1. Would you mind telling me the antiparallel percentage of the DSSP bridges in region 230-406, rounded to 5?
2. In percent, what relative contact order does region 230-406 have, based on Cα pairs under 8 Å that are 6 or more apart in sequence?
3. Treating the angle as unsigned and between 0 and 90°, give the value, to the nearest 10°, between the Cα long axis of helix 234-253 and the longest Cα principal axis of the chain.
4. Size of the dipole of the chain about the Cα centre, Lys and Arg at +1 and Asp and Glu at -1 on the beta carbon, nothing else charged, in debye to 20?
5. Do the sum for the chain: with -39,500 (n - 2.57) for every DSSP H run of n ≥ 4, divided by all residues, what is the mean residue ellipticity at 222 nm, to the nearest 500 deg cm²/dmol?
6. Looking at this model, which pairs from LYS236/LYS371; LYS342/LYS408; LYS31/LYS408; LYS31/LYS143; LYS323/LYS348; LYS236/LYS318 are more than 26 angstrom apart at the alpha-carbon?
7. Work out the charge dipole of region 230-406 with +1 on the Cβ of Lys and Arg and -1 on the Cβ of Asp and Glu about the Cα centre, then indicate which of ILE317, PHE231, ILE297 is farthest towards its positive end.
8. So how do 111-123, 389-401, 190-202 stack up, highest first, on mean other-Cβ count within 10 Å?
Amino acid sequence: MNTNSIFQAAQEAFLFYKNLSGKEKGDFLEKIAEILESRREEIVPLAVRESNLPEGRIQGELGRTTGQIRLFANLVKEGSWVEASIDPSLPDRSPLPRADIRRFLSPLGPVVVFGASNFPLAFSTAGGDTISALAAGCPVIYKAHPAHLETSRRVANCIQQALIACSLPSGLFTHVEGGIAEGQALVQHPLAKAVAFTGSQAGGMALFQLANQRKEPIPVFAEMGSVNPIFCFPNKLSKEREALAKAFIASLTLGVGQFCTNPGLIFVPASQAKAFEASLVAELQGIATAPMLHPGIAQAYYDAIQVMEAQEELRWIKVSDPKHLLNGSTALAEIQVADWLKDKQFQKEVFGAFALMVVYQDVADLVEVAKQLQGQLTITLWAEPEELQSQLYLINLLEEKCGRILFKGVPTGVEVGHAMQHGGPFPSTTAVQSTSVGAYAIKRFARPLAFQDMPHSLLPDALQDHNPLGIWRQVNGIVTK
Ligand code: NAP
């Protein structure tokens, strides 16, 4: 791998590509989606084989990937995402005239993307990070995840075919294979302008620190997972105990628990803990073990369960098949809230189908829990509407601890749309102001750029007086078309 030539080509491609219209960028993205779809029969079985995920899941993930690509294509074709803002000159203003100032969002430059093992398509080669960077106008240098290398090569080839079909420079997308050293060299290259990552806390933090030690520090958008607590309130639980147990176990075991939004903590009132436990155990009966994504993840799950087993504060409720912990067996344990509050290790993510049921005595305990809770991608409240009326303080605290707060359903199953927020306070991510899912993900790879008194004919279309793109803009602070 010659990192220098990769970045030189990316930089050259960037200086050309960033000036293309939203329509041209959108056409390129649509071409990627079209080629991916046309190679579904070749790609799906490969991804199934490499990830151990069932075919139905991978079929759905390919649809999610192309849907996501089209969302960004539409976004850039429409064009208003650049947040154009125009303050025309006021030459006669007294005591001083005002200059003509026009601002919009401009792409950052080459972005290094690390693929995720748990989404071989939707968060990997042509996944949300790559596509939102390309949509913003940035070239991508993609570090393939070794757990699904062949799938990654084929998807990379789809992107390369789309580049050729759209007569775009090959430097816009580079597929890099290798290990930790190769990934770190990409982050350290002076022409890299941002990093996107989905994976472990250790990996995300290593890259974050590396990026901050550069002569020119660059942003790292690392999504490092969380335990996604669910808070059960007494009335809701007594009314819907079985349905909630079913929903919880389904969410916990979905994809063998290998989702960053997997619910690893559930807070249950003491008055109903025994009954809820019985419902959870009944639900677990039908859940079979399944292989995890790769042996490293299975081993990490096994090791984390061993650590938990050594904690005397835990009472084990059930391990679905103890002989097959290395095969993604589901594990449930109980802890009292007072013990949970004493030790931050009970907030650590165990990546896989493991959850702690935390038994609380009084709803007031949840305020202390909320104060001590680390940053999360999601927090869920299962409560009757009237139970929440007196909990505005708790809700206020919880809003500060997560990126998405749910009042119904389960945290797994992240909708890809305009309003989605998939991110959260540290340690769930390194960039609390950002999302890695949904339309706003594009904003990670752009920066504000203002032009002062630029000759009108040289201004980008988005900032010209007659609004040739027909986009929403602010003129003198008023939103207009
Ligand atoms: P990972 O170990 O974090 O690796 C993800 C990617 O980052 C890989 O390409 C890896 O490269 C690279 N990487 C990791 N540490 C690095 C470092 N210090 N310097 C440079 N590159 C580095 O994630 P994983 O292999 O998918 O799974 C391991 C654990 O990550 C899981 O057990 C789970 O805890 C967590 N995980 C979290 C999520 C989430 O949604 N947040 C998703 C998947 C996994 P190499 O593979 O070449 O080493």
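1. Percentage antiparallel, nearest 5: 15.
2. Details: 278 pairs, mean separation 51.6, N = 177.
Across region 230-406, relative contact order equals 29 percent.
3. It is inclined by approximately 70 degrees.
4. For this selection, approximately 780 debye.
5. Estimated from H runs of four or more residues: -12500 deg cm²/dmol.
6. Details: LYS236/LYS371 23 Å; LYS342/LYS408 29 Å; LYS31/LYS408 37 Å; LYS31/LYS143 22 Å; LYS323/LYS348 24 Å; LYS236/LYS318 24 Å.
Too far apart for the 26 Å limit: LYS342/LYS408; LYS31/LYS408.
7. ILE297
8. 111-123, 190-202, 389-401
The values are calculated or read from the model by the stated rules, or taken from the named source; none is laboratory data. A quick note: this is a predicted structure, and the numbers were derived from the prediction, not measured. Neighbour counts run over all protein chains shown; Cβ positions are idealised from the backbone, glycine included. Protein only, heavy atoms only, side chains kept; ligands, DNA and RNA dropped before computing areas. Shrake-Rupley method; radii C 1.70, N 1.55, O 1.52, S 1.80 Å.
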